[in-house]
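Novice: Next up is a structure, given as structure tokens.
The values are calculated or read from the model by the stated rules, or taken from the named source; none is laboratory data. This one's a predicted model, so the numbers in the text were calculated from it and none came from an experiment. As a convention, Cβ positions derive from the backbone with ideal geometry for all residues, glycine included, and neighbour counts pool all protein chains shown. Accessible surface areas use protein heavy atoms only, side chains included; no ligands, DNA or RNA. Shrake-Rupley method; radii C 1.70, N 1.55, O 1.52, S 1.80 Å.
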Amino acid sequence: TPETYSNEQIISFRKEHLGKSLSLSYSDPLHIVRGEGVYLIDSDGKKYIDTANNVNHVGHQHPEVVAVGQQQMAVLNTNTRYLHKEIVNYAEALLKKLPKELSVLHFVNSGSEANELALRMAKTVTKQKDILAIEVGYHGNTNSVMGVSSYKFEGKGGFPKPKHTHILPLPDSYRGKHTGADCGIEYADYAKQVVQNLKEKKRNVAAFIGESMISCGGQIVPPKNYFKEVYKTVREAGGLCIADEVQTGFGRMGKTFWAFELFDVVPDIVTMGKPAGNGHPLAIVACTKEVSEKFHTGMEFFNTFGGNPVSCAIGRTVLEVIEDENLQENALETGGFLKSELLQLQNEFPIIGDVRGEGLFLGFELNDTNKKPLAEHAAYLSDRMKTLGVLMSTDGPDYNVLKIKPPMVFSKEHAEELVSKLKIVLEEDFMNAY
Ligand code: PMP
């Protein structure tokens with residue numbers, strides 16, 4: 001039976017019968033059997049602090065979320081063609097968290113689906129096809145969203161950039177093309193150039209899509225005025241602005257509930273996913289009344305699972321737990337504490353080239369003294385941290401960024417444990433040879 005399969009047997013079954021392009025974390029993969037709060041527990045009973053998981057937002061297997069899912073599953077699970085109060089309860093609670101302009105919701109099941117729908121809305125509403133997106137961005141695994149995810153383009157075995165996609169340089173004020181105080185405007189100028197070029201070809205913009213903090217890009221915090229300027233350019237050309245909050249939403253920023261709010265902009269469409277259902281497949285597209293009206297061309301939008309009572313009950317409970325357990329405040333306080341501790345480590349260990357992020361969405365780069373990215377050191381650090389009982393992920397175009405985005409129940413004590421273990425590894429010979 002599966003319970004008696006050894007790790008080797010599971011690996012060989014996966015190799016034989018599961019898609020070859022699936023990947024596994026770590027060279028010696030983990031066999032996780034249980035989750036609890038910030039912890040994941042393996043088949044030997046070893047506990048790991050999970051700093052990599054921004055899906056199990058209110059903590060792994062949160063009892064209230066589990067209970068409401070079990071209860072609703074035992075009563076009814078159908079689709080949105082019947083009336084049900086849970087979809088209203090959840091929609092009301094979620095709309096309270098959004099700017100009033102974003103007053104209409106569509107329920108789907110994954111971040112990919114949410115972005116797929118957002119792009120389709122933008123194309124339908126504007127009657128245009130051209131999309132602006134950010135370099136190293138990732139928006140999902142379906143055809144259209146892969147087409148705006150430069151993270152997955154050619155170099156990585158992905159497909160070529162579609163001709164209607166226009167990639168704007170990564171607005172990275174630490175390592176990017178522009179780094180000065182006004183670099184937000186300089187980066188936003190690329191959007192102006194794209195719009196200009198399109199106009200010369202008698203084309204126009206359907207949408208700009210971007211994460212408000214760029215996660216796969218390496219926890220990049222876009223510079224001041226970047227989004228304001230890009231939004232202005234895109235809107236003047238008649239395009240819509242889509243904020244992908246799949247990773248960054250639901251209070252993780254600490255200061256704000258959504259990352260776009262840090263930059264003082266209101267998108268036309270917001271997509272949400274991962275944390276919405278705390279691990280249960282639930283994703284949402286929020287849009288303005290105007291977008292929703294124009295998207296309604298007469299064709300039905302139907303989604304078999306989207307908006308079902310189980311998902312909605314779970315989504316509503318996730319919002320309640322965020323509120324009841326003050327998790328946004330925790331992101332602000334614990335995230336602030338952790339960031340200051342990481343800055344302290346940076347003083348001690350010059351291999352840490354940059355510490356950045358907001359709330360419980362942080363990252364740091366490993367570089368040599370000439371700012372050359374140290375990918376092998378990042379991989380070593382993440383492997384060693386696993387041995388010490390902490391799971392961390394690496395990313396960024398140069399694979400040298402350690403990302404920290406734990407469940408939001410991550411406490412000051414967890415932060416202290418993380419930092420003390422980082423220190424152990426940072427003192428090791430490998431980390432000091434570069
Ligand atoms: N947008 C962003 C920013 C993401 O990080 C991801 C998933 N990594 C997606 C969209 C796609 O979400 P899903 O995997 O749920 O389809």
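A quick yes/no check of all residues on (1) surrounded by fewer than 23 Cβ atoms within 10 Å (Cβ to Cβ); (2) part of a helix (DSSP H, G or I):
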| position | (1), (2) |
| --- | --- |
| 301 | yes, no |
| 321 | yes, yes |
| 335 | no, yes |
| 341 | yes, yes |
| 347 | yes, yes |
| 355 | yes, no |
| 371 | yes, no |
| 385 | yes, yes |
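Residue-by-condition table, conditions (1) more than 16 Å from the ligand (Cβ to nearest atom); (2) under 22 Å from the mean Cα position of the chain (by Cα); (3) exposed (fewer than 15 other Cβ atoms within 10 Å of the Cβ):
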| site | (1), (2), (3) |
| --- | --- |
| 178 | yes, no, no |
| 182 | yes, no, yes |
| 193 | yes, no, yes |
| 197 | yes, no, yes |
| 205 | yes, no, no |
| 212 | no, yes, no |
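Novice: Return the residues of the stretch 252-297 that are surrounded by 24 or more Cβ atoms within 10 Å (Cβ to Cβ), in a strand (DSSP E or B) and more than 15 Å from the chain's Cα centre (by Cα); say none if nothing qualifies.
Specialist: Once the filter is applied, which keeps residues that are surrounded by 24 or more Cβ atoms within 10 Å (Cβ to Cβ), in a strand (DSSP E or B) and more than 15 Å from the chain's Cα centre (by Cα), the stretch 252-297 yields 269, 286, 287.
Novice: Right, something else. Quick check on my filter: what residues within the stretch 217-233 are open to solvent by less than 10 Å² (accessible area, probe 1.4 Å) and within 16 Å of the ligand (Cβ to nearest atom)?
Specialist: Hits for the stretch 217-233 are 217, 218, 219, 220, 222, 227.
Novice: Here's another thing I want to ask about it. Just to be sure I understand, how many residues within the stretch 103-115 are more than 9 Å from the ligand (Cβ to nearest atom) and either assigned to a helix (DSSP H, G or I) or buried (at least 23 other Cβ atoms within 10 Å of the Cβ) (or both)?
Specialist: 3
Novice: Shifting gears a bit: When you scan the stretch 220-231, do you find a residue that is out of contact with any helix residue (DSSP H, G or I) (no Cβ under 8 Å at 6 or more places or on another chain) and free of Cβ contacts under 8 Å to residues at least 40 places away in the same chain, even just one?
Specialist: Looking for residues that are out of contact with any helix residue (DSSP H, G or I) (no Cβ under 8 Å at 6 or more places or on another chain) and free of Cβ contacts under 8 Å to residues at least 40 places away in the same chain, one finds at least one in the stretch 220-231, hence yes.
Novice: Which of the residues that make up the stretch 1-43 are among the hydroxyl-bearing types (Ser, Thr, Tyr), touching a strand residue (DSSP E or B) at 6+ places or on another chain (Cβ under 9 Å) and open to solvent by 70 Å² or more (accessible area, probe 1.4 Å)?
Specialist: Of everything in the stretch 1-43, just one residue is among the hydroxyl-bearing types (Ser, Thr, Tyr), touching a strand residue (DSSP E or B) at 6+ places or on another chain (Cβ under 9 Å) and open to solvent by 70 Å² or more (accessible area, probe 1.4 Å), namely 25.
Novice: Would you please list the contacts, defined by Cβ atoms under 8 Å and residues six or more apart or on different chains, that run from a residue in the stretch 107-127 that is without any contact (Cβ under 8 Å) to a residue 60 or more places away in the chain to a residue that is away from the ligand (no atom under 15 Å from the Cβ) and of a type in the set (D, E, K, R)?
Specialist: Pairs found: none.
Novice: Looking at the stretch 123-161, which of the residues that are of a type in the set (Ser, Thr, Tyr) and within 14 Å of the ligand (Cβ to nearest atom) is modelled with the lowest pLDDT?
Specialist: 151
Novice: Does the stretch 157-175 contain any residue that is in a helix (DSSP H, G or I), open to solvent by less than 30 Å² (accessible area, probe 1.4 Å), out of contact with any Leu (no Cβ under 8 Å at 6 or more places or on another chain) and farther than 25 Å from residue 310 by Cβ?
Specialist: So far as the stretch 157-175 goes, no, none of its residues is in a helix (DSSP H, G or I), open to solvent by less than 30 Å² (accessible area, probe 1.4 Å), out of contact with any Leu (no Cβ under 8 Å at 6 or more places or on another chain) and farther than 25 Å from residue 310 by Cβ.
Novice: Assess whether residue 306 counts as being in contact (Cβ under 8 Å) with a residue 40 or more places away in the chain and over 19 Å from the mean Cα position of the chain (by Cα).
Specialist: So residue 306 passes the test.
Novice: Is it the case, given these coordinates, that residue 266 is within 16 Å of the ligand (Cβ to nearest atom) and either at pLDDT below 95 or of a type in the set (Val, Ile, Thr) (or both)?
Specialist: Here the answer is no, as residue 266 does not meet what is asked.
Novice: Open to solvent by less than 40 Å² (accessible area, probe 1.4 Å) and closer than 16 Å to residue 220 by Cβ, is that true of residue 365?
Specialist: yes
Novice: While we're here: Can you tell me how many residues in the stretch 180-201 are at pLDDT 95 or above and either part of a loop (DSSP other than H, G, I, E, B) or under 23 Å from residue 271 (Cα atoms) (or both)?
Specialist: Matching residues across the stretch 180-201 total 3.
Novice: Further, regarding this structure: Which residue out of 289, 339 is in contact (Cβ under 8 Å) with a residue 40 or more places away in the chain and among the charged types (D, E, K, R)?
Specialist: 289
Novice: Taking the stretch 389-432, which residues are small (Gly, Ala, Ser) and either open to solvent by 40 Å² or more (accessible area, probe 1.4 Å) or at positive phi (or both)?
Specialist: Across the stretch 389-432, the qualifying residues are 389, 396, 420.
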